[in-house]
Protein chains: 2
Amino acid sequence: VTSRPGRSTPELYEAAQGGDRTAVARLLSLIERGGDEARHIGRLAAPSAGAAYTVGITGAPGSGKSTLTSALVGRVRANGADVAVLAIDPSSPFTGGAILGDRVRMQDHATDVGVFIRSMATRGHLGGLALATPEAIRLLDALGRRLILIETVGVGQVEVEVAGKADTTIVVVNPGWGDSVQANKAGLMEVADIFVVNKADRAGADETRRDLDQMLDLAGPAEWPTHESPGSWRPPIVLTVATDATGVAELWTAVDDHRRHATESGLLERRRDARMQEELGEIVSRRLRQHARLLCGEERWRELTEAVLERRLDPWSAAEEMIAPLT
Amino acid sequence: VTSRPGRSTPELYEAAQGGDRTAVARLLSLIERGGDEARHIGRLAAPSAGAAYTVGITGAPGSGKSTLTSALVGRVRANGADVAVLAIDPSSPFTGGAILGDRVRMQDHATDVGVFIRSMATRGHLGGLALATPEAIRLLDALGRRLILIETVGVGQVEVEVAGKADTTIVVVNPGWGDSVQANKAGLMEVADIFVVNKADRAGADETRRDLDQMLDLAGPAEWPTHESPGSWRPPIVLTVATDATGVAELWTAVDDHRRHATESGLLERRRDARMQEELGEIVSRRLRQHARLLCGEERWRELTEAVLERRLDPWSAAEEMIAPLT
């Protein structure tokens, strides 16, 4: 299979359905870029999507998320199932793109056709990834991947949000990785369906487990996993050493348990509905803004912006004029 | 001064202008909540705003940002200038609000009328803080605060963005706080105008300084502080021990230097223009969406949402129908 960037979106989609990985990669690039082609892909994929299960993996930088993801991939492949991995990377002009160091470890699976791995970059704008990630999931879902792992590289709010919107979210901490207050600060406690203490062969693993346990106690049963499903799921704490796959079978069992719980309790449906609703809202906002700018006229839009920048006009008054042709 | 929550927005604004701190706090709460009243406050404040200088302070949790902010406040107050501090807190349902532990240290200045301190919470939605922070700055600016410190509690992408949008941004690291790759991952390198190695009395401070220096070398002069102002500002690296104010005078000199550079090079104006443009875009998006929903009708809007959730309709087709009355 050779890369032919000239192929149309439907051609690429058809090729991707036939198993052409270059076509899948190209479609994901179009999704990442956004715009009309991304929307076109979404429309092609939507009717076939809805069967994939997503697992988010997040935690502090250096906690071993990537190695753990790789170990989970190994576990899933041992069962014979296909898997896709989306690695959410904060893009940085400083390095000229996503940091690829962690990705290297995933090379274990690079030649395995049952594994599809892809980095998604934020490209510097906050909203971009929030839209591109569900679209990428929809595509992989429509192409038949039944399991999609979403690993975050950093622990920024967007990454936590993206990982926290998976069907099951794993939060990775380390022994002595600061106390649990740090996890709380980063917004990790509230998205966790499962806690992993990775690098558990190091000193302090049991203390970290105890800290997490106490925080769960303090939160009380009514708090877990959130008000979505009161008291019915307490996040288990699994100790792992991802580098030699210790504890990874137990982690996979915990994922399965949570999946069963989420499905039976209706939590899964509520989460998926909330996600879809948010995505819809984002799509509406973008299209309206494009339309308003078109109707207002590029020149007037610029004049009003100028007036705000020079503080001759407050932004609310300018906004009113900008959207006036639509309202 | 007693708290009278029944006062109207203009009454509160007038009282705030007269130095009523309860009124200021109440106005900031209204801004945090968003909606019509926030907009009203913005319009009242806009004509008088534009003179304040903002300094962002960000870095990993536990790096001592809060203590450093407190020390900076002490330094500024020693010069007799007033100062306001906005602490950007990730809100967490888990703890039932902002984590206040770090705030306690700021109690040093709690009885000083020259210091105004306020925590801003994200309230769980990504866009909220992005809008509320510039509005809070605008209010404090209009009320005559000439210096506003913006301290982030966590290091999430939103917090980094908020701090990175200050006129001068300080990035705080610690000796041995992972290598500089970690700072890079968190998106900190690219927002830094000044680096601080805090807790510099610990082992490894010089190594950390060297690491940062090497990263700056690698980036090359054309990269600093970004393409906004090629080659003209290399972020200085200041070693501090915030707990006893060691290095804080030097840090303040670095802030002054950067301020002069930014003003003279035009960087300050470009940054402020970019920020205002972004805020305007956000305001436009919100108002359009509210309007579209009104025109589409609550019932039809809900039907279309329902159809998307039940996968009878893709979100792009639904969005088209939702915005049809406006387009």
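Taking the stretch A:1-86 on its own, what percent of its Cα-Cα pair distances exceed 19 Å?
Values: 1937 of 3655 pairs.
So the portion of pairs separated by more than 19 Å is 53 percent.
List, shortest first and in nm to one decimal, how far the label point of residue A:213 (7 Å from Cα along Cα→Cβ) is from its counterparts in the other copies.
List, nearest first: 4.8 nm.
Using modelled backbone amide H atoms (1.01 Å from N, in-plane), which distant-in-sequence or interchain residues come within less than 5 Å of residue B:121's amide H?
For residue B:121, the qualifying residues are B:89.
Report the GluC sites (Glu not before Pro) located in the stretch A:286-326 that are in a DSSP loop and have at most 14 other Cβ atoms inside 10 Å of their Cβ, or state none.
A:310
Hey, for residue A:281 with labels 7 Å out along Cα-Cβ, what do the inter-copy distances come to in nm, ordered shortest first?
Result, one decimal in nm: 1.9.
If one takes the accessible area of chain A alone plus chain B alone and subtracts that of the pair, with a 1.4 Å probe, what total in Å², rounded to the nearest 100, results?
Interface area, both chains combined: 6300 Å², rounded to the nearest 100.
In nm to one decimal, list the spacings between the residue A:300 label point and its equivalents in the other copies, with label points set 7 Å along Cα to Cβ, shortest first.
When each copy's label point is compared with this one, the spacings are 2.4 nm.
The values are calculated or read from the model by the stated rules, or taken from the named source; none is laboratory data. Note that the structure is a prediction, hence the values are computed from the model and not measured. Cβ coordinates were reconstructed from backbone atoms using ideal geometry, including for glycine residues, and neighbour counts include every protein chain displayed. When the accessible area is computed, the model is the full protein with side chains, heavy atoms only, and any ligands, DNA or RNA have been set aside. Shrake-Rupley method; radii C 1.70, N 1.55, O 1.52, S 1.80 Å.
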